[in-house]
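Derivation of every value follows stated rules applied to the coordinates shown; laboratory data play no part. All of these numbers come straight from a predicted model, not from anything done at the bench. For neighbour counting, all protein chains shown are included, and Cβ atoms are generated from backbone atoms with ideal geometry for every residue, glycine included.
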Amino acid sequence: MSSHLYKGLLSKFRWFVLRFGWSEVFLKPLRTISAPLVLRCLKRERFQWQGRDLEGFYHRYNVTWAGERLVEIPIARTFLSRSDSRRTLEVGNVLSHYDSTNHSVVDKYESGRGVINCDILDFKSQAGFELILSISTFEHIGFDDDASVSSGEKILAAVRHCQGLLTESGRLVLTVPLGYNPDLDRLIVSGTLGLERQSFLVRRGFSRWEECDLQTALAHPYRHRFPYANSLGILEFGKDAKPR
């Protein structure tokens, strides 16, 4: 069970300190303020993922070079490029902060143009989706929000619900930081999620990422040695759940 950490300014502040540490209270605003200068000076890192050579994504919003957004956005774009935006659903309003988007978005808390504010478990649609994409959102389910069950149970229910919204050939794709939510880590390790494909990236430098296996990813805890995620999982599902 977890209490709702997003309600009100004080609660958001407490959540930020709890998850990211006191140092980020000072360092994140400093990075944001210095972003125009830093973005001009940073070396543009590239990374390999599933046989692709991708360029890291650099943006002032959420200072992407300091965390996992550096690799998440290019990976998300590879899936978006293969999907009809009219048949695409994003869980968690992330991409609209960086791109002009016209796909459907569900976000429980964040308001925005075209964003449907509801819990993903309450979202219904008669049209099937070719792609459901979620960027660093599922680790928060039942962990940072209200939940009457454990985080692991709610995450699993959310995955199954999303699979039910897919077309027969549709894909559910989640990017998640490892080490943030222990329940989610256990679901990945146990094979309970029913993944069709999984891949992992580990952070080898402040803005340098490389592919790795699950055990290597798990050995790099959240916030150590770099701020935010030090390893990332890219989890892919088909319509049908097939746990090991």
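Some values worked out for this structure:
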{"item": "Sole residue being out of contact with any Leu (no Cβ under 9 Å at 6 or more places or on another chain), free of Cβ contacts under 8 Å to residues at least 60 places away in the same chain and of a type in the set (D, E, K, R), chosen from Glu153, Glu168", "result": "Glu153"}
{"item": "Index of the failed condition, Phe57 passing every other in (1) within 19 Å of the chain's Cα centre (by Cα); (2) without any contact (Cβ under 8 Å) to a residue 24 or more places away in the chain; (3) closer than 24 Å to Glu211 by Cα", "result": "(2)"}
{"item": "Residue match in segment 181-200 (condition: assigned to a loop (DSSP other than H, G, I, E, B), under 17 Å from the mean Cα position of the chain (by Cα) and over 23 Å from Lys239 (Cβ atoms))", "result": "yes"}
{"item": "Candidates Ile73, Ile116, filtered to the one that is in contact with a strand residue (DSSP E or B) (Cβ under 9 Å, 6 or more places away or on another chain) and over 27 Å from Phe20 (Cα atoms)", "result": "Ile116"}
{"item": "Some residue of segment 94-107 being under 19 Å from Tyr180 (Cα atoms) and within 18 Å of the chain's Cα centre (by Cα)", "result": "yes"}
{"item": "Any pair with Cβ under 7 angstrom, 6 or more apart, that starts in segment 174-185 at a residue that is under 23 Å from Thr78 (Cβ atoms) and ends at one that is surrounded by fewer than 20 Cβ atoms within 10 Å (Cβ to Cβ) and of a type in the set (A, V, I, L, M, F, W, C)", "result": "Leu178/Leu218"}
{"item": "Any hit, segment 182-197, residues being surrounded by fewer than 20 Cβ atoms within 10 Å (Cβ to Cβ) and under 25 Å from Phe13 (Cα atoms)", "result": "yes"}
{"item": "Residue in segment 228-238 that is under 18 Å from the mean Cα position of the chain (by Cα), surrounded by fewer than 17 Cβ atoms within 10 Å (Cβ to Cβ), in contact (Cβ under 8 Å) with a residue 24 or more places away in the chain and more than 26 Å from Phe129 (Cβ to Cβ) present", "result": "no"}
{"item": "Strands (runs of 3 or more DSSP E) fully within segment 46-157 counting 2 or more residues that are in contact with a helix residue (DSSP H, G or I) (Cβ under 9 Å, 6 or more places away or on another chain) and buried (at least 17 other Cβ atoms within 10 Å of the Cβ)", "result": "46-49, 88-91, 104-106, 129-135"}
{"item": "Arg197 being of a type outside the set (Gly, Ala, Ser) and more than 24 Å from Asp107 (Cα to Cα)", "result": "yes"}
{"item": "Test: residue in segment 220-227 that is surrounded by fewer than 15 Cβ atoms within 10 Å (Cβ to Cβ), aromatic (Phe, Trp, Tyr) and closer than 18 Å to Glu45 by Cβ", "result": "no"}
